[in-house]
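Q: My questions will all concern the structure given below.
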Amino acid sequence: MQLRIYAAGILFLGSYLPLSVILLVQNFRYDLWGSELCAEWRPFNCVIPLRQPILSISFVAVCLACFIFTLIVLNAIKVRQQAAVLEVKHIPTDLMNYVLPYVVSFMGIDYNDVGKFVGFIVFLVWIFIITFKSERAIMNPVLTVFGWKLFEIKHSSPGGQVVSTSIALSRIDLNPENTYKVNAVQEVLVVK
């Protein structure tokens, strides 16, 4: 199954949920810590303790919605083919290698600094293009928190005619000499 660009964009944005939370925390106004947010109960007298509340809350909300969509899509994928697994290699660090440099490199992003923020958006667009063109948009590092694991497997069709090596995403541990139901999303096998 080949992802359309908008679906790949949604999966990609969902993978940056941790980064959006980091940016939200960095946007917090700690000088307002402990003060009353609303002097009186009137909506227009309340202060949101964020420097740029619309941008920071919107980024978290969009990334959270995209991540929830990713979970729904992964659970809805129909597995129609069977694959006999011959060899399995768990790849625990590959997902972290995918996201860690980007999270660390943008610890200094400030929504008030327009130049840095626009540079951040341009960077995300480039990373998305690279991810989409490499057909790896389904590989969302945040999925590890929800039990998804990444494997490199050598597999064959049930008759054993064609042997292939693929990257597989699964919530279950894969064992050699077992047959699983799979569906390819881009070049990644989703195993259920």
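Q: Which lysines does Lys133 reach when only Cα atoms under 21 Å apart count, and residues fewer than 8 places away in its own chain are ignored?
A: none
Q: So, one more: Once amide H atoms are placed 1.01 Å from N in the peptide plane, what residues at a sequence separation of 5 or more from Leu50, or on another chain, have their amide H within under 5 Å of its amide H?
A: Residues meeting the amide H criterion: Arg29.
Q: Take the eigenvalues of the Cα gyration tensor for segment 132-183, scale each by 5, and report the square roots as semi-axes in whole Å, largest first.
A: The three semi-axes for segment 132-183 are 22, 15, 8 Å.
Q: Could you tell me the calculated FRET efficiency between Ser58 and Tyr30, based on Cβ-Cβ distance and R0 = 25 angstrom, to the nearest 0.05?
A: The pair Ser58/Tyr30 has a calculated efficiency of 0.75.
Q: To continue, here is another question. Please give the peptides 111-119, 22-30 ranked by average Cβ packing (other Cβ atoms within 10 Å per residue), highest first, as a rough proxy for protection.
A: 22-30, 111-119
Q: Straight-line reach from Lys192: which lysines have a Cα under 25 Å away, not including same-chain ones fewer than 8 places off?
A: Those lysines meeting the cut-off are Lys78, Lys89, Lys149, Lys154, Lys181.
Q: Amide H neighbours of Val185 under 5 Å, counting only residues 5+ apart in sequence or on other chains, H built in-plane at 1.01 Å?
A: Val190
Q: Among 122-130, 6-14, what's the highest-first ranking by average C-beta atoms within 10 angstrom per residue?
A: 6-14, 122-130
Q: Taking only protein heavy atoms and a 1.4 Å probe, what accessible area per residue, in Å², does segment 138-192 have with all protein chains in place?
A: Heavy-atom SASA per residue in segment 138-192 reads 46 Å².
The values are calculated or read from the model by the stated rules, or taken from the named source; none is laboratory data. The model shown is predicted, which means the values in this text are computed figures rather than measured ones. Using ideal geometry, Cβ is built from the backbone for each residue, glycine included, and neighbour counts are taken over all protein chains shown. Ligands, DNA and RNA are stripped out before the accessible areas are found, and what is left, the full protein with its side chains, is counted by its heavy atoms. Shrake-Rupley method; radii C 1.70, N 1.55, O 1.52, S 1.80 Å.
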